[in-house]
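First up is the structure itself, then whatever we jot down about it.
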2 protein chains.
Amino acid sequence: MAKNLEISMLMDFYGEMLTDKQKEVVSLYYNEDLSLAEIAQIAQITRQGVRDSIKRGEATLLDMEERLGLAKKFRQMEEELSHIIACAREIAFQAEEMPRSQPLIEQAKEIERIAERLME
Amino acid sequence: MAKNLEISMLMDFYGEMLTDKQKEVVSLYYNEDLSLAEIAQIAQITRQGVRDSIKRGEATLLDMEERLGLAKKFRQMEEELSHIIACAREIAFQAEEMPRSQPLIEQAKEIERIAERLME
């Protein structure tokens, strides 16, 4: 069973749509990187049960992304915010050479702070 | 049946989680502001059928928001982006009085453009 690297990100968006059991095993498999056998022991189900639960969880997460597309939108937003941060840094850099530019530099730094917070 | 004003916004996020019929009637009710009787005629179902379909659609949308909370996160993000826009405008305003500040004003306007696009 090959690990789908996107699943971990989809868990951040849609994890609450899974059953408690699916959430547990998918998280152990993708976030903690445990093996099916290790997860079977922790979750007290068979190895096949773990596999089925992961498969069903993955299917739900991928279906949610196909319907709502939030992970994709989020990645686009991150790119735009990176661009805002780059502009704000350039403003602060250019303003350093200017007289009485301190208030302006503060505004640029505030923009950078907000954009970084939004990217978390 | 009182109209819940939040539903229209939740449709933007989670509309694709509804059945086609629910999507149709909820949209006619909330976005087009039609009456139950008018929707019944369009959708070719009974008034009670319309009412049930809207109720079920609303329940799904509210449940999705309770699980994922994306509309709430989006509203918070809008506030942060408004703050970024205000800072960018203040930079452009202050820079107008400064010599050789045109490149800096351009950067501020670029920030404003990106933030406005993200708010759409």
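The values are calculated or read from the model by the stated rules, or taken from the named source; none is laboratory data. Worth saying up front: this structure is predicted, and the values here are computed from it rather than measured. As a convention, Cβ positions derive from the backbone with ideal geometry for all residues, glycine included, and neighbour counts pool all protein chains shown.
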Any residue in region A:79-90 that is assigned to a helix (DSSP H, G or I), at the interface with chain B (Cβ under 10 Å from one of its Cβ atoms) and touching a Pro at 6+ places or on another chain (Cβ under 9 Å)? yes
Which listed residue, of B:F74, B:F93, is modelled with pLDDT under 95 and assigned to a helix (DSSP H, G or I): B:F74
Does region B:82-90 include one or more residues that are under 16 Å from the mean Cα position of the chain (by Cα) and crowded, with 16+ Cβ neighbours inside 10 Å? no
Filter region A:96-120 down to residues that are assigned to a loop (DSSP other than H, G, I, E, B) and within 10 Å of chain B (Cβ to nearest Cβ) and give me whichever is nearest to B:R100 (Cα to Cα). A:M98
Quick check on my filter: what residues within region A:1-23 are closer than 21 Å to B:G69 by Cβ and of a type in the set (D, E, K, R)? A:D12, A:E16, A:D20, A:K23
Are there any helices (runs of 4 or more DSSP H) wholly within region B:1-65 with 3 or more residues that are over 16 Å from the mean Cα position of the chain (by Cα) and loosely packed, with under 15 Cβ neighbours inside 10 Å, and if so which? B:36-43
Any residue in region B:55-71 that is under 22 Å from A:E90 (Cβ atoms), facing another protein chain (nearest Cβ under 8 Å) and either of a type in the set (D, E) or in contact with a Leu (Cβ under 8 Å, 6 or more places away or on another chain) (or both)? no
